[in-house]
Each structure stands twice: as structure tokens, then as C-alpha cells.
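Take a look at the structure set out below.
Bear in mind these aren't lab numbers, they're just calculated from the coordinates by the rules spelled out. None of the values given here were measured: they were computed from a predicted structure. Positions of Cβ are generated from backbone atoms using ideal geometry, with glycine treated the same way; all protein chains shown enter the neighbour counts.
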Amino acid sequence: MRVIGLAGWSGAGKTTLLSALIPWLNGRGVSVSTIKHAHHAFDVDTPGKDSHTHRIAGAAQVLVSSSLRWALMTELRGAPEPGLGTLIAHLDPVDLVIVEGFKRDPHPKIEVHRAANGKPWMHPEDPAIRAVAADTPPPGGLPHAALDDIPAIGALALEHAAPWPG
């Protein structure tokens with residue numbers, strides 16, 4: 001598997017970009033999985049459903065399965081947050097894993113930048129940023145594409161993704 005990250009400040013458009021990038025890559029025969037980092041408590045389960053009841057009761061893991069999908073939820077219950085490598089190891093093999101967040105990790109990344117956010121560029125401080133998707137040209141001469149140019153961003157993602165050592 002190869003890995004590329006999308007890193008940027010909140011509101012830069014990472015999720016919007018990802019929702020357009022995945023079908024573009026799939027349309028070129030590239031299988032994609034994603035990992036999204038959240039900085040706060042989140043819940044993918046619905047209160048009142050059996051799986052939620054199992055988890056709240058203290059189950060370490062709850063696996064929900066149907067004919068359409070399955071999902072595995074793991075409660076850390078005070079254990080340290082797993083690193084990106086541990087999370088990637090839980091994925092089935094695909095051509096490309098796109099990581100949204102984990103901006104401090106050393107995997108190759110594309111910085112997603114929106115000038116209206118008023119936030120600083122990340123790439124001058126992060127050598128793992130190999131390219132930029134932005135609504136203004138970035139300083140420093142990194143390869144870049146406009147935020148709405150999905151084919152160009154897709155090409156950058158495929159060019160700069162690196163094999164995962166696991």
C-alpha cells in the first residue's frame with residue numbers, strides 16, 4: 001500500500017477535496033481507503049442501538065456486520081491513542097491510503113490551504129509536505145495545484161504517495 005496525507009488547518013477544504021478525489025482515483029482504477037483523525041470525542045454509533053449498548057456496557061471492541069458493510073469500533077478506555085502505523089495495519093490492502101489529519105506525522109503529505117482562513121502555510125515547517133493544493137500560489141516552489149483542479153491534485157497524490165513500510 002502507498003500512503004499520502006492531506007494536511008491543513010480546519011476549514012481549508014480537506015474533506016471536500018477528499019470527497020472529489022476518491023471518485024476521481026477510483027475512476028482510474030485506484031482503490032482507496034481513508035483514515036481521518038479527530039481531535040475530540042466523536043461517536044459513529046447511535047444511542048439506543050444494540051452496538052452502542054454493548055460499547056457503553058464496557059465492551060473493548062464491538063463489531064457490527066450486515067450484508068452491506070461491517071464496522072469495528074474499539075474503545076481505548078484510557079489507553080494511549082494508536083499511532084498511524086497501527087491504524088493502517090487494520091486496513092485491508094488497497095492501492096492508496098489517504099490520511100486526513102495526522103499532520104505532525106512524517107508520512108508524505110499534500111498541504112490543503114485556503115487563503116480566506118487567514119492561517120499560515122504549514123509546508124515551510126514540515127518537510128513531509130511534498131505538494132500543495134491551494135487557492136493561491138504557495139511560497140517556496142513546491143509543486144501545486146488549484147483547490148478545484150481534481151485531476152492535478154490526483155496526479156500529485158499519486159506522484160508523491162510513498163509505500164507504507166508495514
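Please enumerate the residues belonging to the range 1-52 that are in a loop (DSSP other than H, G, I, E, B), among the polar types (S, T, N, Q) and under 16 Å from the mean Cα position of the chain (by Cα).
SER10, SER31
Do you know which residues across the range 78-109 are farther than 19 Å from ALA133 by Cβ and either surrounded by 19 or more Cβ atoms within 10 Å (Cβ to Cβ) or aliphatic (A, V, I, L, M) (or both)? Matches in the range 78-109: ALA79, LEU84, LEU87, ILE88, ALA89, LEU91, VAL94. Restricting attention to the range 97-140, the residues that are of a type in the set (Gly, Ala, Ser) and outside any strand (DSSP E or B) total 6. Inclusion of LEU63 among residues that are surrounded by fewer than 18 Cβ atoms within 10 Å (Cβ to Cβ), hydrophobic (A, V, I, L, M, F, W, C) and either within 16 Å of the chain's Cα centre (by Cα) or assigned to a strand (DSSP E or B) (or both) is warranted.
For the range 94-129, which residues satisfy the criterion of being basic (Lys, Arg), in contact (Cβ under 8 Å) with a residue 40 or more places away in the chain and over 20 Å from ASP149 (Cα atoms)? Show your work before the answer.
So the first thing to find is which residues in the range 94-129 are basic (Lys, Arg), and the list is 103-104, 109, 114, 119.
Next, only the ones that are in contact (Cβ under 8 Å) with a residue 40 or more places away in the chain stay: 103, 109, 114, 119.
Of everything in the range 94-129, those that are basic (Lys, Arg), in contact (Cβ under 8 Å) with a residue 40 or more places away in the chain and over 20 Å from ASP149 (Cα atoms) turn out to be LYS103, LYS119.
Scanning the range 43-60 for residues that are of a type in the set (D, E, K, R) and surrounded by 13 or more Cβ atoms within 10 Å (Cβ to Cβ) yields a total of 2.
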